[in-house]
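The values are calculated or read from the model by the stated rules, or taken from the named source; none is laboratory data. Bear in mind that the values here come from a model prediction, so they are computed numbers and not experimental data. Don't worry about glycine lacking a Cβ; one is built from the backbone with ideal geometry, like all the others, and counts go over all protein chains shown.
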Number of protein chains: 2
Amino acid sequence: MVSIATWNINSVRLRADQVVRFLSEQGPDVLCLQEIKCAEHLFPHEVFEAAGYTHRVVHGQKGYHGVATVSRIPLREFGRHDWQDNGEARHVGVELLGPGQGLVLENVYIPAGGDIPDREQNVKFGQKLDFLERMARWADKLDRPTLIVGDFNIAPLECDVYDHKALLKVVSHTPIEIEALYRFRDAHGWVDLGRKHIPAPERNWTWWSYRTYWQEKDRGRRLDHMWASPELATQSVSHRFVEETRRWEQPSDHVPLITEFAL
Amino acid sequence: MVSIATWNINSVRLRADQVVRFLSEQGPDVLCLQEIKCAEHLFPHEVFEAAGYTHRVVHGQKGYHGVATVSRIPLREFGRHDWQDNGEARHVGVELLGPGQGLVLENVYIPAGGDIPDREQNVKFGQKLDFLERMARWADKLDRPTLIVGDFNIAPLECDVYDHKALLKVVSHTPIEIEALYRFRDAHGWVDLGRKHIPAPERNWTWWSYRTYWQEKDRGRRLDHMWASPELATQSVSHRFVEETRRWEQPSDHVPLITEFAL
DNA sequence: GCATGCTCAG
DNA sequence: CTGAGCATGC
């Protein structure tokens with residue numbers, strides 16, 4: 001059995017303690033982090049080393065974005081892509097070497113896309129769509145058992161947001177983004193493990209805005225995903241999201257997901 | 001008996017908890033704070049109210065400097081001076097109304113003075129000397145029992161610094177500053193309570209730099225003072241500095257002083 | 001609202 | 001080293 005987690009941590013330095021707490025309480029074999037917000041040389045390696053996560057691949061940059069995959073089972077880097085060709089650190093791939101041997105794990109942080117859902121008025125929205133398109137083309141060619149995880153910044157289903165109608169024009173839930181995500185899915189038959197294990201309309205949000213979380217209303221979205229190649233998807237045996245981390249002190253605005261595979 | 005404390009807190013918002021801990025452990029009747037680093041409307045009044053310090057006079061400004069006097073015995077504002085006439089919040093005076101009735105308590109934050117001890121090369125040094133000169137002239141005219149406390153940014157005696165010879169050319173311990181301080185003293189017979197109660201050469205440093213504190217060497221200075229008018233000085237019965245606060249988590253670089261008066 | 005990194009100040 | 005405020009991004 002191999003368990004794999006993903007978490008947009010929103011600064012790994014600030015929340016190294018929380019990551020360790022999560023690792024010790026939930027014990028995933030591998031954890032993919034997004035928005036580590038530091039360059040590689042500032043990544044808190046000691047903390048992960050001490051926690052037993054002795055295999056790490058870090059693709060960082062100063063201040064923004066950045067992804068890292070940490071593991072207690074051996075792995076090796078499998079490549080990093082810059083689909084925007086602008087130097088942002090938004091992807092790193094690894095290949096598992098011990099248990100789960102042969103599995104490829106792709107850690108992705110899709111751009112947020114700015115505020116206005118129109119590529120004419122908002123270049124960031126166009127960049128998000130282009131990123132997705134290029135990632136879809138790349139993903140289509142993958143020919144090994146692969147898991148693509150991370151912060152997709154897209155909530156595809158109606159039940160993936162707190163108010164479907166209100167959010168149709170809000171970046172993350174617009175039809176154009178969802179169509180782009182579905183083109184990614186359909187080209188290769190990628191399986192949405194979140195919805196395989198927690199079928200709609202059950203709620204499994206992964207993100208709550210800092211701006212509104214303190215209010216009474218419960219306004220989340222499902223922005224974080226785990227997509228498996230068809231054969232691999234048949235081997236996933238459990239999936240959960242750890243909502244309680246959102247109530248920890250000084251939390252990330254995202255919560256982690258964990259999937260177990262019969263490998 | 002009335003006890004009066006002074007502490008350069010280096011951000012009262014960041015260290016409100018530490019101030020409350022100090023107040024509960026040491027129980028001074030009145031506390032004069034310097035470098036509160038906030039405007040009046042951001043001062044954490046609730047915290048002091050809950051701790052029983054229900055009388056407060058705050059002279060703050062945004063970001064820098066700022067002084068406040070908080071008290072569990074009644075007091076009223078007695079004026080605020082801007083000796084530099086540049087809008088900086090570096091002084092507030094109060095008059096005690098209950099126990100200690102009639103005592104005037106002046107809370108002062110003298111400018112640090114920059115790095116180079118030469119008014120030609122460093123305007124801040126000139127401003128510090130001018131501040132002292134004007135304060136001395138003002139203090140000379142005071143005609144009530146008065147206590148002047150605060151961060152003076154001057155360590156007058158050889159034993160007030162960790163290395164007298166090395167610091168003769170370092171702002172805070174230069175002869176020109178010390179002479180200015182002594183002109184202040186002599187014009188009115190102000191009594192240095194720190195040295196009345198803890199005679200030289202005993203050490204009673206009040207400040208340790210953040211930059212060097214982590215080193216092994218113990219390199220402090222006595223920058224914080226309590227000066228009493230001659231009659232009032234005869235009524236001081238004890239004086240101490242609370243060095244342990246410098247070892248608390250995320251401490252101020254200054255430690256508090258407390259004097260008790262037979263009033 | 002909450003990160004980073006910059007500047008300025010001690 | 002350690003504050004505050006600012007700009008920027010999500």
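Within the stretch A:1-14, the residues that satisfy the criterion of being within 14 Å of DNA strand D (Cβ to nearest atom) and buried (at least 23 other Cβ atoms within 10 Å of the Cβ) are A:Asn8, A:Ile9.
Within the stretch A:169-189, residues that are touching a residue at least 24 places away in the same chain (Cβ under 8 Å) reach partners that are polar (S, T, N, Q) and assigned to a loop (DSSP other than H, G, I, E, B) with beta carbons closer than 6 Å, at six or more positions or on different chains, in the pairs A:Ser172/A:Asn153. Just checking, does the stretch B:114-136 include any residue being under 29 Å from B:Ala200 (Cα atoms), away from chain A (no Cβ under 14 Å), within 16 Å of DNA strand D (Cβ to nearest atom) and within 19 Å of the chain's Cα centre (by Cα)? There is at least one residue in the stretch B:114-136 that is under 29 Å from B:Ala200 (Cα atoms), away from chain A (no Cβ under 14 Å), within 16 Å of DNA strand D (Cβ to nearest atom) and within 19 Å of the chain's Cα centre (by Cα).
Given the criteria among the hydrophobic types (A, V, I, L, M, F, W, C), under 30 Å from B:Gln235 (Cβ atoms) and buried (at least 20 other Cβ atoms within 10 Å of the Cβ), does B:Leu147 qualify?
Numbers: among the hydrophobic types (A, V, I, L, M, F, W, C): yes; under 30 Å from B:Gln235 (Cβ atoms): yes; buried (at least 20 other Cβ atoms within 10 Å of the Cβ): yes.
In short, yes.
Checking each residue in the stretch B:63-94 for being touching a Phe, Trp or Tyr at 6+ places or on another chain (Cβ under 9 Å) and either among the basic types (Lys, Arg) or within 16 Å of DNA strand D (Cβ to nearest atom) (or both) picks out B:His65, B:Gly66, B:Val67, B:Ala68, B:Arg72, B:Glu88, B:Ala89, B:Arg90. Here A:Arg247 passes the criteria (1) away from DNA strand D (no atom under 16 Å from the Cβ); (2) within 24 Å of A:Val19 (Cα to Cα); (3) touching a residue at least 60 places away in the same chain (Cβ under 8 Å) except the one numbered (3). The residues on offer are A:Leu142, A:Leu97, A:Leu147, and the sole one that is in contact with a Leu (Cβ under 6 Å, 6 or more places away or on another chain), away from DNA strand D (no atom under 16 Å from the Cβ) and touching a residue at least 40 places away in the same chain (Cβ under 8 Å) is A:Leu147. Taking the stretch A:200-240 as the range and being away from DNA strand D (no atom under 16 Å from the Cβ), part of a loop (DSSP other than H, G, I, E, B) and buried (at least 18 other Cβ atoms within 10 Å of the Cβ) as the test, the residues that pass are A:Asn204, A:Ser229. For the stretch B:66-89, the condition holds for at least one residue, the condition being that it is closer than 30 Å to B:Gly126 by Cβ, in contact with a helix residue (DSSP H, G or I) (Cβ under 8 Å, 6 or more places away or on another chain) and among the aromatic types (Phe, Trp, Tyr). Is there a residue in the stretch B:78-90 that is within 16 Å of DNA strand C (Cβ to nearest atom), without any contact (Cβ under 8 Å) to a residue 60 or more places away in the chain, in contact with a strand residue (DSSP E or B) (Cβ under 6 Å, 6 or more places away or on another chain) and not aromatic (Phe, Trp, Tyr)? Yes, that holds for at least one residue. Just checking, does the stretch B:191-209 include any residue being in contact with an Asp or Glu (Cβ under 8 Å, 6 or more places away or on another chain) and at pLDDT below 95? Checking the stretch B:191-209: not a single residue is in contact with an Asp or Glu (Cβ under 8 Å, 6 or more places away or on another chain) and at pLDDT below 95. Within the span defined as the stretch A:211-222, one or more residues are aromatic (Phe, Trp, Tyr) and within 16 Å of DNA strand C (Cβ to nearest atom). Of all the listed residues (B:Leu23, B:Leu75, B:Leu42), the sole one being touching an Asp or Glu at 6+ places or on another chain (Cβ under 7 Å), without any contact (Cβ under 8 Å) to a residue 60 or more places away in the chain and among the aliphatic types (A, V, I, L, M) is B:Leu75.
In the stretch A:249-258, is there at least one residue being surrounded by fewer than 16 Cβ atoms within 10 Å (Cβ to Cβ), within 16 Å of DNA strand C (Cβ to nearest atom) and either farther than 22 Å from A:Val92 by Cβ or within 14 Å of chain B (Cβ to nearest Cβ) (or both)? Talk me through it step by step, then tell me what you get.
Pass one, the stretch A:249-258, residues surrounded by fewer than 16 Cβ atoms within 10 Å (Cβ to Cβ): A:249-250.
Within this subset, residues satisfying the condition of being within 16 Å of DNA strand C (Cβ to nearest atom) are A:249-250.
Still in the list and also either farther than 22 Å from A:Val92 by Cβ or within 14 Å of chain B (Cβ to nearest Cβ) (or both): A:249-250.
There is at least one residue in the stretch A:249-258 that is surrounded by fewer than 16 Cβ atoms within 10 Å (Cβ to Cβ), within 16 Å of DNA strand C (Cβ to nearest atom) and either farther than 22 Å from A:Val92 by Cβ or within 14 Å of chain B (Cβ to nearest Cβ) (or both).
Within the stretch B:62-92, take every residue that is in contact with a His (Cβ under 8 Å, 6 or more places away or on another chain) and small (Gly, Ala, Ser) and give me the one that is farthest from the other protein chains (Cβ to nearest Cβ). First the steps, then the outcome.
First pass over the stretch B:62-92, keeping only residues in contact with a His (Cβ under 8 Å, 6 or more places away or on another chain): B:66-68, B:70-75, B:80-83, B:88-92.
With the extra rule that they be small (Gly, Ala, Ser), the set shrinks to B:66, B:68, B:71, B:89.
Working: B:Gly66: 27, B:Ala68: 28, B:Ser71: 33, B:Ala89: 31 Å.
Going through the qualifying residues, I end up with B:Ser71.
Scanning the stretch B:161-199 for residues that are in a helix (DSSP H, G or I), acidic (Asp, Glu) and farther than 21 Å from B:Gly126 by Cβ yields one hit, B:Asp186. Considering the conditions (1) more than 16 Å from DNA strand C (Cβ to nearest atom); (2) charged (D, E, K, R); (3) over 18 Å from B:Pro256 (Cα atoms); (4) crowded, with 23+ Cβ neighbours inside 10 Å, B:Lys128 is excluded by exactly one of them, (1).
Pairs please, first residue from the stretch A:201-215 and in contact (Cβ under 8 Å) with a residue 12 or more places away in the chain, second anywhere and among the hydrophobic types (A, V, I, L, M, F, W, C) and more than 11 Å from DNA strand C (Cβ to nearest atom), Cβ atoms under 6 Å, 6+ apart in sequence or on different chains. Matching pairs, first to second residue: A:Pro201/A:Cys159; A:Asn204/A:Ile198; A:Asn204/A:Phe241; A:Thr206/A:Leu223; A:Thr206/A:Phe241; A:Thr206/A:Val255; A:Trp207/A:Leu223.
So for the stretch B:9-18 (the condition being over 22 Å from B:Gln250 (Cβ atoms) and touching a residue at least 12 places away in the same chain (Cβ under 8 Å)), does at least one residue qualify? Full working, then the answer.
Quick first cut of the stretch B:9-18, residues over 22 Å from B:Gln250 (Cβ atoms) only: none.
There is no residue in the stretch B:9-18 that is over 22 Å from B:Gln250 (Cβ atoms) and touching a residue at least 12 places away in the same chain (Cβ under 8 Å).
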